[in-house]
Amino acid sequence: MPEAIEVQKVPLHNVSDASELDKLISNGVIEADRVIAVIGKTEGNGGVNDYTRIIADRAFREVLTARGTRSAYDVGQVPIVWSGGTDGVISPHATIFATVPADKVVKTDEPRLTVGVAMSQQLLPEDIGRVAMITKVADAVRDAMANAGITDPADVHYVQTKTPLLTIHTIRDAKKRGKTVWTEQTHESMDLSNGGTALGIAVALGEIEMPTDEDVMNNRELFSAVASCSSGVELDRAQIVVVGNARGVGGRYRIGHSVMTDALDQDGIWNAIRDAGLELPERPRTSDLDGKLVNVFLKCEASQDGTVRGRRNAMLDDSDVHWHRQIKAAVGGVAASVTGDPAVFVSVSAAHQGPEGGGPVAAIVDMGA
């Protein structure tokens, strides 16, 4: 049986700041050696060369190493997934997941939060966006589910990943070995890596059958309703965090999910919160959350037809500001208007993650003692 989970959301006061993590440890809220995953937003450009992710990663790992007994190598194996870009009102923050000692667990037989982590086999540059990547990711998701004590895919509500994208260096490496890559556009490879990973998640959870190479980035009817995929230059394999519910683990927290059908779909966010177990009126307001919402996690994508609810927009034609940044800011504002808190996890590049033009939403709530 996996251990119960404590979840805390903390602000980042600057890009290299991990002081709030340090405070949680000092105040006994969590133990450094029990931190099993971190998912956060940094204030960089969100692109290929967004090194704020690396800076934040180093800051958090240094605290975990200094304040615990794990070696730097072991701390290096902890999944810390940073999504770059806090466009608009989105505020830099981190959500920290840690196990709880048995003598401090709130006992209940109701479904409660459980987390499992895993790393895939190495993803070669020629794998990205192809069936080889989908297969390796699916295998790792199944491993993470087992680590979370989840046997029914219906109990999985959120799968956060970090995977490699293509860089000039890795493209050159593939060519030297006589291999081809899906694209030589490094920024495009961010969408590609995310999309291929999402299909791997969907296969592992039985949401779809195994797709073909031709389906990747083309057949948008194939998607996962719980995938949240991010990519960067920090690693060469898929880092998987599966978050769901299980009976018997105990604890205070529960997770649910839904999807936004488009960029303005507030009901998709409210439905995720309801699915997590929080009772809400038919037309809820932010005040109805009563401090019980820990965080929401969203993916977003500019609709490929260039419209939202029948009205055209210019995001896909804008040569000054990439649509990644525009849709992220827009959906971040929508999410913050629901939660009343701009520290929301909103990540862009949602190919095969939720319906086209929309995206998955996961919500974690505190059910109390």
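The values are calculated or read from the model by the stated rules, or taken from the named source; none is laboratory data. From a predicted model like this one, the values you see are computed outputs, not experimental measurements. Note that each Cβ is placed from the backbone with ideal geometry, even for glycine, and that neighbours are counted across all protein chains shown. Keep in mind that these areas ignore ligands, DNA and RNA; they rest on the heavy atoms of the full protein, side chains included. Shrake-Rupley method; radii C 1.70, N 1.55, O 1.52, S 1.80 Å.
In this calculation the C-beta distance from D33 to K179 is compared with R0 = 30 Å, giving a FRET efficiency of 0.15. Within the accessible area of the range 214-343, the carbon and sulfur atoms contribute 42%, probe 1.4 Å, all protein chains present.
In terms of the mean number of neighbouring beta-carbon atoms within 10 Å, the peptides 255-265, 59-69 order highest first as 255-265, 59-69.
Relative contact order for the chain: 22 percent, from Cα pairs under 8 Å spaced at least 6 residues apart, divided by residue count. For the range 166-262, the extents of the C-alpha atoms along the principal axes are 52, 29, 25 Å, listed from largest to smallest. Comparing mean-square fluctuations of Q353, Q326, Q185 from a GNM of the chain with C-alpha springs under 10 Å, the top value falls on Q185. Sites listed here are GluC sites (Glu not before Pro) in the range 182-223 whose DSSP assignment is loop and whose Cβ has at most 10 other Cβ atoms within 10 Å: E209, E221.
Just list whichever of K41/K175; K136/K328; K136/K175; K107/K136; K41/K104; K9/K162 have alpha carbons separated by over 26 Å in the model shown.
Over 26 Å apart, Cα to Cα: K41/K175; K136/K328; K107/K136; K41/K104.
With an a/c value of 1.5 or above and a/b not larger than b/c for the gyration tensor axes a ≥ b ≥ c computed over the alpha-carbon atoms, the range 1-160 is described as oblate. Let me know the shape class of the chain, please: from the alpha-carbon gyration tensor, a ≥ b ≥ c as square roots of the eigenvalues, rounded when a/c is under 1.5, otherwise prolate if a/b is greater than b/c, or oblate. It is rounded, given that a/c, with a ≥ b ≥ c, falls under 1.5. Bridges between two residues of the chain, per DSSP, are antiparallel at a rate of about 75%. Helices of the chain meeting both criteria, an alpha-carbon length of 15 angstrom or more along the long axis and an average Kyte-Doolittle score not below 0.0, with helices taken as full DSSP H segments, are 131-148, 188-204, 323-339. Across G277, G310, G206, mean-square fluctuation computed from a Gaussian network of the chain (C-alpha pairs under 10 Å connected) peaks at G310. Remark: spin-label model distance R312-D74 equals 6.0 nm, labels positioned 7 Å along the Cα→Cβ axis.
Helix-derived [θ] at 222 nm for the chain: sum -39500 (n - 2.57) over DSSP H runs of at least 4, divide by residue count, nearest 500?
-8500 deg cm²/dmol
In the range 287-369, the DSSP beta bridges split such that about 65 percent are antiparallel, to the nearest 5. Over the range 145-198, what is the relative contact order in whole percent, taking alpha-carbon pairs under 8 Å and six or more residues apart? Relative contact order, the range 145-198: 36 percent. Sorting the segments 172-183, 40-51 by their residues' average number of neighbouring beta-carbon atoms within 10 angstrom, most packed first, yields 40-51, 172-183. Close amide-amide hydrogen proximity is noted between G250 and T108, R112, each under 5 Å apart and 5 or more residues distant or on a separate chain (H modeled in the peptide plane; Pro and chain starts excluded).
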